[in-house]
Amino acid sequence: MTSIKRDDSKQKWEETEFPLVCETCLGDNPYVRMTKETHGKKCKICEIPFTVFAWQAGTRGRLKKVEICRTCARSKNVCQVCIYDLQYGLPVQVRDKILAEEGCKDAVVAAPQSDANRAWMTAQQERDIEQGKAIASCVPTNSAAAMKLQSMARMEPRYERNLPKLCSFFAKGECNRGSQCPFRHEMPRDRNDPLSKQNTKDRFFGTNDPVAGGMMRRQKEKAEKRRAELKARGGEGDERAVSTLYVRFTDEGTKKTITQADLRDKFYSFGEISSVRMYADKGAFVEFTTPQATQHAIASANRSNIGGRKIMVNWARVPKRGAVSAGPQPTPG
């Protein structure tokens, strides 16, 4: 770090008072103590020295520290440590792919190679952040993209990502620390596992990210399985109801019995409601007067809660002709 601090051009060096990190990276300990080193290292994206924060990520977590500067993190709306999107908890590659598919502004930016281009990109990012444009390019601009991102969102803390790294001496059968060893006593995975070759720049710019690739592959398999189930029920699958959504009551949270009045209070702000039909204590159908109101309600209310009880919201399905049914059906899955 000495060579960094001897640089004469410090006017663009970043100094901050607190990092921009997600709940997972902070850990499960509410009383986090951090160390702060001003201009501790260079950002792995723009290569400008910035303030480095380090802390113990929870009661069983390892020591974590920020990897990129706050300016770069704000320009992509990501955590400074794990480089995951702060709003949806998704890798940048997944988020940008969905935004591109749904016709939103593409947030993918080519990585500059020269010092001059990196300096220009940093200046552009700072200006966009001041004008509020940087985050706007990383969030959905239509309800279809918002609904798809919300369905894939992973906002629950995943503290297992903070576990200590593997003990190389244990893998060789030579570790004599026992329970006092700060590293995990587990055998390593296959050395050809792509997850062991992650790169900060690849995660930031959304290219060749093995985590994102795995998520998109699982999502595709899930969609194919759902289509197969619908096809097995007859035909190519049921069609969406024009303006009806299905609310599924989960067992997470409180055991509150949700009533029609609760549902109307929850959804009235999205548009005029035509009817609410309860489906025992499993869920309910809510019909709006317009498809736009239905789509807005799904994008906003999915994975939320009513009185502490978590709900899942999706389009209702209209059965194929000839199927015996009294109305719209819940969406499978």
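The values are calculated or read from the model by the stated rules, or taken from the named source; none is laboratory data. None of the values given here were measured: they were computed from a predicted structure. FYI the Cβ positions are ideal-geometry reconstructions off the backbone, even for glycines, and counts take in every protein chain you see. These accessible areas exclude ligands, DNA and RNA; they are computed on the full protein's heavy atoms, side chains included. Shrake-Rupley method; radii C 1.70, N 1.55, O 1.52, S 1.80 Å.
Convert each backbone phi in region 59-67 into a coupling constant with the Karplus relation 6.51 cos²θ - 1.76 cosθ + 1.60 (shift: θ = phi - 60°), then list the ³J(HN,Hα) values in order as whole Hz, x for Gly and Pro.
Computed from phi, the couplings for region 59-67 are 5, 10, x, 8, 6, 10, 8, 6, 10 Hz.
Can you list residues whose amide H is under 5 Å from Asp28's amide H, if they're 5+ apart or on another chain and H is modeled 1.01 Å from N?
Gly58, Thr59
Looking only at region 211-233, which residues have a backbone nitrogen under 18 Å from a spot 7 Å from the Cα of Asp190 in the C-beta direction?
Of the residues in region 211-233, 211-215, 217-218 have backbone N under 18 Å from the label point off Asp190.
Once both labels are modelled 7 Å past Cα along the beta-carbon direction, what's the Gln198-Met278 spacing in nm?
4.5 nm
Run the accessible area of region 49-94 with a 1.4 Å probe and give the carbon-and-sulfur part as a rounded percent.
After summing per-atom areas, the C and S share lands at 42 percent.
Would you calculate the separation in nanometres between label points at Glu23 and Ala144, each defined as 7 Å from the Cα along the Cα-to-beta-carbon direction?
Going from the Glu23 label point to the Ala144 one covers 3.1 nm.
Compute the FRET efficiency between Thr250 and Glu160 as 1/(1 + (r/R0)^6), taking r as their Cβ-Cβ distance and R0 = 22 Å, and round to the nearest 0.05.
After rounding, the FRET efficiency stands at 0.50.
Any of Lys36/Lys97; Lys64/Lys222; Lys165/Lys220; Lys64/Lys197; Lys64/Lys310 with alpha carbons more than 27 Å apart? Name them for me.
Lys36/Lys97; Lys64/Lys222; Lys165/Lys220; Lys64/Lys310
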